[in-house]
Structures are given as structure tokens and as C-alpha cells.
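Presented below is the structure to which this report refers.
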Amino acid sequence: MTSDNPKAAPAVRLRFDGPVDQETLAYARMKIDAVVGRSGLPAITGEVRIVRAAVRHADRPWLATADLHVGGRQVVVLAEESTGRAVVDLLQDRLRRQTDKAAHAWEDGQRTEAPPWRGGGQQSA
């Protein structure tokens, strides 16, 4: 059965590896949806991955990565922390900052210019 509800399947997929508990996943889904569901943003698609290392002696066993497409721009975010909630909170802060930058560039129609050593910023004669 199909649904006409656009919220039926989130555009940002949440994956996990290792012993990640359901509470952390629910918290991550809530925080990710808060970032990507804000009004005024272009279409956002992609994937967030949360990994908990099985090694007990690691200082920061939690790792979260996000690879999103905001409008026509790619946003990649990485966070490492000692607890699941802390890594999700850090990921949310970094995602919000990067999606705001990407959305701002999308609204202004800005294109990233190549650096001068790659032929960008040169004036034609």
C-alpha cells in the first residue's frame, strides 16, 4: 500500500553499527529531524550514521557522521564523543551550522569559486 503522506519516509536515513541502544537512536532521530525539518531550507536528503565501538578502553567510542545534500550542496559532518547523547548533540550543532551555511549559499545563488591556484579569480584580458 502506498501513502500520499510526504512525511511517511524521512529524507535523511539513520543507520547504526555496533551496540547502539534504541533510546540513542530515537534521540538522534528527533535531533536530526529538528535540523532538517526547519522551514526555509531547500530539500535535504542523505544519511546519518552512528557507530559505537566495541572497544571498552576507547576515550570516545561514539562516532556520528552525516553526509547530506542541501539543495545542490553537499554537507559532511563528523562528531566523536564519549556518550551517545553527547555525540548526537554535537552532531546536531554542527549539522545546524553547516545546513545554515549551505542554505544561505543556495538562497543567494552563490557558487563556490575555485581558488586562484586552480584558475579561479583570474581576470580575463
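Kindly state, to the nearest 0.05, the FRET efficiency for Arg60 paired with His104, given R0 = 35 Å and r defined as their beta-carbon distance. For R0 = 35 Å, the calculated efficiency reads 0.70. Residue by residue, segment 75-83 carries 3J(HN,Hα) couplings of 10, 10, 10, 10, 9, 10, 8, 8, 10 Hz when phi is fed to the Karplus relation 6.51 cos²θ - 1.76 cosθ + 1.60 (θ = phi - 60°); x denotes Gly or Pro.
Peptides 88-96, 73-81, 39-47 ranked from most to least packed by the mean count of surrounding Cβ atoms within 10 Å: 88-96, 73-81, 39-47. If you take all other residues with their beta carbon under 9 Å from the beta carbon of Thr24, and give Lys and Arg +1 and Asp and Glu -1, the sum is 0.
What the phi angles of segment 44-52 give under the Karplus curve with 6.51, -1.76 and 1.60, with θ = phi - 60°, is a coupling list of 10, 10, x, 8, 10, 10, 10, 10, 10 Hz, glycine and proline written as x. Under 12 Å from a label point set 7 Å out along the Cα-to-Cβ vector of Glu47, the amide N atoms of segment 14-33 belong to 14-17. Here the simple spin-label model places points 7 Å from the Cα toward Cβ, and for Leu25 and Leu78 these points are separated by 2.5 nm.
Read the figures in this text as sums done on the coordinates, not as results from a lab. Since the structure is predicted, the reported quantities are computational estimates derived from the model, not experimental observations. Methodologically, a virtual Cβ is constructed for each residue, glycine included, from the backbone with ideal geometry; neighbour enumeration extends over all protein chains shown.
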